[in-house]
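So the structure is just underneath, and the comments pick up after that.
Laboratory data are not the source of any read-out in this text; all were calculated from the coordinates shown. Computed from a predicted structure; not experimentally measured. Note that we place each Cβ from the backbone using ideal geometry, even for glycine, and neighbour counts take in every protein chain shown.
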Amino acid sequence: MTSDPVSDLLEKVGVSRPTNHATMVTLRALVQEHAPEAAEMIKYGGLHYVRTKPFCGIYSHAKHVSLEFSRGVDFDDGLLEGDGQFRRHLKFTDPSAVDVERVGAYIAASYQRA
């Protein structure tokens, strides 16, 4: 373990779920690219991103990784999953399933709204 909680979380996921780790690293790079000034922290057991308000998070589950958007309801385009009051998400079972252009656009739009 290191003194960096983000690295520790990614290492833990890498040991138990290597495919999820690769997917999380791919999604994390997209957040860093499209929301470069976002604060990154560990919250709710995953990577949580905040501008002035929370806007997205990356979470490892048993069989997939989810990219959650705090105000995903604003993007109600039929592609995001979920039926909560505000939050919507995308699920990925493999890093190759990440559509970089589409996911990057969601991240950028969510970041701008935060």
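Of note:
- Lysine pair number, Cα distance threshold 17 Å (strictly under), the chain, separation 8 or more or different chains: 4
- In the chain, the sites counted are chymotrypsin sites (Phe, Trp or Tyr not before Pro) in DSSP loop states with at most 12 other Cβ atoms within 10 Å, and the longest stretch holding none of them, exclusive of the sites, is 1-43.
- Counting every other Cβ atom within 10 Å of each residue's Cβ, 70, 7 order from fewest to most as 7, 70.
- Assigned charges on the beta-carbon of Lys, Arg, Asp, Glu; the chain dipole about Cα centre (debye): 260
- Residues 81, 101, sorted so that the one with the fewest Cβ neighbours within 10 Å comes first: 101, 81
- Calculated over the chain: convex hull of Cα atoms, volume per residue (Å³): 98
- The range 1-45 shape via C-alpha gyration tensor axes, a/c threshold 1.5: oblate
- Cα-based shape type of the range 38-89, given that a ≥ b ≥ c are square roots of the gyration tensor eigenvalues and the cut on a/c is 1.5: oblate
- One chain, two ends: residue 8 and residue 29. Fully extended at 0.36 nm per residue, the span grows by 5.9 nm beyond their Cα-Cα distance.
- Footprinting exposure proxy ranking of 41, 24, fewest other C-beta atoms within 10 angstrom first, gives 41, 24.
- Mean residue ellipticity (222 nm) of the chain, computed from DSSP H runs ≥ 4 via -39,500 (n - 2.57), nearest 500: -12000 deg cm²/dmol
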